[in-house]
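The structure appears right after this line, and notes come after that.
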Amino acid sequence: MLRALRRQSIRWLTLLVLLELASLTLGVQLAAHLRYFADAPALAGFAGHLWPRALLFAVVLVLGMSALGLYQQHLRESWFGLFARQLVGFALGVVGLITIYYLFPATEIGRGVFAIALVLGFAAVQGWRVLIARLVDIESLKRRVLVLGAGTHAATIPQRMRRRTDRRGFIILGYVRMGEETVCVPEERLLAVEGSLRAFAEQLQVNEIVVGPDDRRRGLPMDELLDCKQAGIAVSNLASFFERELGIVKLSLVEPSWLVFSHGFDNSPLRHAIKRVFDVSIALVVLVFAWPFMLLVALAIRLESGAGQPILYRQERVGEHGHVFALAKFRSMRTDAERDGVARWATRDDDRVTRVGRFIRRTRLDELPQLWNILRGDMSVIGPRPERPQIVADLARQIRYYNLRHCVKPGLAGWAQLRYPYGASVDDAVEKLKYDLFYVKNHDLLFDLTILVQTVEVVLFGRGAR
C-alpha cells in the first residue's frame, strides 16, 4: 500500500490547498452557527446562498497566502517565519475581501461572522500545515530513488540538494557505478546491483531510477531500464530530475537533444494570443491602482534633483528574438552614473543611487513605467528580465544557451526573480539562467498567474531589489 502511494507521487501542496480551501469554507459555516447560536430565524435568513460567499472568502484568503509564497515547493523558513507569512497573507486577504464587499455588497458575510471565520480559519490553516509537514517528513511516504551513476554528474544531487527541504519528497537509496567512471559520491552510498536491475530495484522497493552517468556513450542498460519501466518503476534522466525537483534547467547536464525532444517551449499562436490578453489586462489593472504612486515618485525625483533633471530613464534592452527596445524606468541614479558609456551592473550600496532612488528600487516603484513597455508589446508581465545589449553580448559568449531566454518576451516579473536574488556577476547570471530556461520551457497561463501572485512577496519584502 505504501509503495503504491509513493508511486502516485502525492502532491502535498495540492492536498494542502484543497484542505485549506475546505477548512476556510467550512469555517464560515461554523462561524455563522456560532454567531447566531441562539437565534434560529436569523441563522435561517443568513444562511441563504452562504456557500458561494464562504467559497469566495476561502479563495481570497488562499490567494493572499499564495502571494506570500506559502505554497512554494521549496519554501525555507522557520516556524516563526511561516507564522508571520501566514499572518501577512491573511491581512492581504482581508484587504481583498473588504474591497470586494465594498464593490459587491451582496457577497458580504457580516462583521461578526467575518471575524469569527478569520480566527477559525487561521487556526485550521496552522493545524493543517503542522500535520502535512509531519506527514511529508515520514520516510515511508517518500519516493525511493536509485541513481545510475556515481561520477561528477551524479554527485551534483547531494551538492545541489544539501538542504532537507530540497529532498522533501524523496530519498536517495544509493548510487550505482556505471563502467569505469571516477567515483565522486561517498563510498558508503555506493550500491552493487546483484542479478537483474529490475529484481534489485524491486528488492529495494525503488519508485524511480534516475539515470546520470558521466559518459553515456559507453552505453546504458536500455533493455533492463525498459523492463523496470514495464514493472511500474519510473525512469528519468538527471536533467529532468533537477527540472522537476528544483524548478531549474541544470546547464551542465543539458544537451541540445534534451532541449529538442523534451516537452515544453510552447510558442504557438494560441499561447501568444492568451499571453498578450493577459499582459494588457494586468498592465491596465495595475496602472489604474498605481498612477497616484507614479505621480508621487515623479514629484519626489523632481524635488530631490531639481528642475531640468530627467524623471524617467530610458535604456536599451534586448527583447524577444534579440529585438532591442527602449525600456522606461523612473530615474534612480545620478545623471552621470555612466558618463564613460560603459554598462555596469548595480552593486550593493551603489553610490550612484540617489536617496529617492534607493527607496523606489527597494519598493520596485522604479519599475512602474515599464507598464508602457508592456502595453506597447515590447515586454510581458511575466518573463526573464531584459538585459542591456552590451551585457547580453558578453554573457552570450561566456554562457551556453544564454540566448534561449530571448525566445519569449522579457518580463516585469519572472521565475528567476522569485527564486534567486539580484545578480551582479557572470556567476549570478548563470544561476538565474537556470530558472529563466525553466520558465521558457514550461511557461503557460497558470504558471504566469502563480508567478504574478507570488511577486507580491518580492515587493513586500524587497527580495532581489538593488
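Some points to look at:
- Shown for Asp427, Asp214: other C-beta atoms within 10 Å of each C-beta, ranked fewest to most, produce the order Asp427, Asp214.
- What the phi angles of the stretch 362-375 give under the Karplus curve with 6.51, -1.76 and 1.60, with θ = phi - 60°, is a coupling list of 5, 8, 6, 5, 5, 7, 4, x, 5, 4, 5, 4, 5, 5 Hz, glycine and proline written as x.
- At 0.692 mPa s and 37 °C, Stokes D of the stretch 199-326 from Kirkwood alpha-carbon radius, µm² per second: 159 µm²/s
- The stretch 95-247, Cα convex hull volume normalised per residue, Å³: 173 Å³
- Sorting Glu187, Glu224, Glu202, Glu387 by the number of Cβ atoms found within 10 Å of their own Cβ, with the fewest placed first, yields Glu187, Glu202, Glu224, Glu387.
- Distance from the C-alpha centroid of the stretch 285-313 to that of the stretch 93-113: 33 Å, rounded to the whole angstrom.
- Residues of the stretch 233-251 with amide N under 18 Å of the 7 Å Cα→Cβ point at Trp12: 242, 244-247
- Contour minus Cα-Cα distance for Val288 and Gln309 (0.36 nm per residue): 4.9 nm
- In a reduced charge model with +1 at each Lys and Arg Cβ and -1 at each Asp and Glu Cβ, the chain shows a dipole moment near 680 debye about its Cα centre.
- Qualifying aspartates and glutamates (Cα of each under 13 Å from Cα of Lys329; at least 8 residues distant if same chain): Glu316, Asp366, Glu367
- The gain in end-to-end length when the Ala44 to Ser257 segment is fully stretched comes to 70.3 nm, 0.36 nm per residue minus the alpha carbon separation.
- Rg/Rh (Cα only; Kirkwood hydrodynamic radius) as it applies to the stretch 2-136: 1.03
- Between the listed residues Ala199, Ile157, Gly212, the Cα displaced farthest toward the positive end of the dipole of the stretch 142-246, a dipole computed from Cβ unit charges relative to the Cα centre, is found at Ile157.
- For the stretch 19-65 and the stretch 192-225, distance of Cα centres in Å: 53 Å
- Of the residues Val119, Leu63, Ile98, the one whose Cα sits farthest toward the positive end of the charge dipole of the stretch 2-136, with +1 on the Cβ of Lys and Arg and -1 on the Cβ of Asp and Glu, is Leu63.
- Couplings 3J(HN,Hα) of the stretch 180-194, computed from phi: 9, 5, 5, 6, 10, 9, x, 4, 5, 8, 6, 10, 10, 6, 10 Hz, in residue order, whole Hz [Karplus 6.51 cos²θ - 1.76 cosθ + 1.60, θ = phi - 60°; x for Gly and Pro].
- Cross-link reach list, lysines versus Lys142, counting only Cα pairs under 28 Å and skipping chain neighbours closer than eight places: Lys229, Lys250, Lys434, Lys441
- Ordering Met294, Met65 by the number of other Cβ atoms within 10 Å of each residue's own Cβ, fewest first, gives Met294, Met65.
Values in this text are rule-based calculations from the coordinates and carry no lab data. Model, not experiment: these values are computed from the prediction. FYI the Cβ positions are ideal-geometry reconstructions off the backbone, even for glycines, and counts take in every protein chain you see.
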